[in-house]
Amino acid sequence: MSRRLHPAVAGAQPFQLAERDPDAPLFGSEEGRERLEAILSRYPTRRAALLPLLGYAQELHGWISTGDMEEIAEVLELTPAYVWSVASFYTMYNKHPTGRHMIQVCTNISCHLNGAHRVLEEFLEQTGTVEGETTEDGRFTVLEAECLGACGFATAVQINDAYHENVTPEKVAEILASLDGPQGG
């Protein structure tokens, strides 16, 4: 059964979720077609719906594949090269598979001054990975983020669609443990 989305929120759903379906068709299901129509209804031209559709692909699959970009290009009557150029411009769109928990540590000036690099190193050490790579079990990808827009609460960390503020190296283990709990997935 599909969920009904009001057009006003169809393009603004969180798109970095822990739960994903990498094999689901973008627009080949009833839900996908409804989502497409709701998003298209908000914009005066098809081209204007590009960012929300890229977000939908990432929400569904966890990343945006070349095939996803080609399918989006087709429904929006754009070239795949144009869709790629937009998707590759924005760092918020993942062009390769990521871990179920995408951990982004802000290292911009406020966070940097509050020890962001130590926080980043602690996440890397505790997940046993290097920056940008996914753990062997597919659970974690840790990245440095240029800015998460939470300068007053440095160091900011975004995990999927949740923000963690005032993160210190000492809080990293607790944050990671919360991801394995009944609420954390």
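The values are calculated or read from the model by the stated rules, or taken from the named source; none is laboratory data. Bear in mind that the values here come from a model prediction, so they are computed numbers and not experimental data. As a convention, Cβ positions derive from the backbone with ideal geometry for all residues, glycine included, and neighbour counts pool all protein chains shown.
Summed over region 27-42, the residues that are assigned to a loop (DSSP other than H, G, I, E, B) and surrounded by 15 or more Cβ atoms within 10 Å (Cβ to Cβ) give a count of 2. Checking each residue in region 39-75 for being touching a residue at least 12 places away in the same chain (Cβ under 8 Å) and more than 24 Å from Asp161 (Cα to Cα) picks out Ser41, Arg46, Arg47, Glu70, Glu71, Val75. If Leu78 satisfies all but one of (1) surrounded by fewer than 20 Cβ atoms within 10 Å (Cβ to Cβ); (2) in contact (Cβ under 8 Å) with a residue 12 or more places away in the chain; (3) part of a helix (DSSP H, G or I); (4) assigned by TED's automatic domain parsing to the domain that holds Leu26, what's the number of the condition it fails? Failing condition for Leu78: (3). Here the condition is being modelled with pLDDT under 95, touching a helix residue (DSSP H, G or I) at 6+ places or on another chain (Cβ under 8 Å) and over 26 Å from Ala48 (Cα atoms); of Glu144, Glu136, Glu122, it holds for Glu144 alone. Selection of region 127-162 for residues being in contact with a strand residue (DSSP E or B) (Cβ under 9 Å, 6 or more places away or on another chain) and more than 18 Å from Asn94 (Cβ to Cβ) yields Gly128, Gly149, Ala150, Cys151, Phe153, Ala154, Thr155, Ala156.
Quick check: anything in region 157-169 under 30 Å from Ala49 (Cβ atoms) and among the hydrophobic types (A, V, I, L, M, F, W, C)?
Within region 157-169 (the criterion being under 30 Å from Ala49 (Cβ atoms) and among the hydrophobic types (A, V, I, L, M, F, W, C)), the answer is yes, since at least one residue qualifies.
Taking the stated definitions as given, is Val105 outside any helix (DSSP H, G or I) and at pLDDT 90 or above?
Taking the combined requirement at face value, the residue satisfies it.
Beta carbons closer than 6 Å, at least 6 apart along the sequence or on distinct chains, pair a first residue in region 26-38 that is under 15 Å from Glu74 (Cβ atoms) with a second that is at pLDDT below 90 and part of a helix (DSSP H, G or I) for Leu26/Gly32. From the list Ile64, Ile39, the lone residue that is touching a Pro at 6+ places or on another chain (Cβ under 7 Å), in the same structural domain as Ser85 (by TED's automatic domain parsing) and modelled with pLDDT of 90 or more is Ile39.
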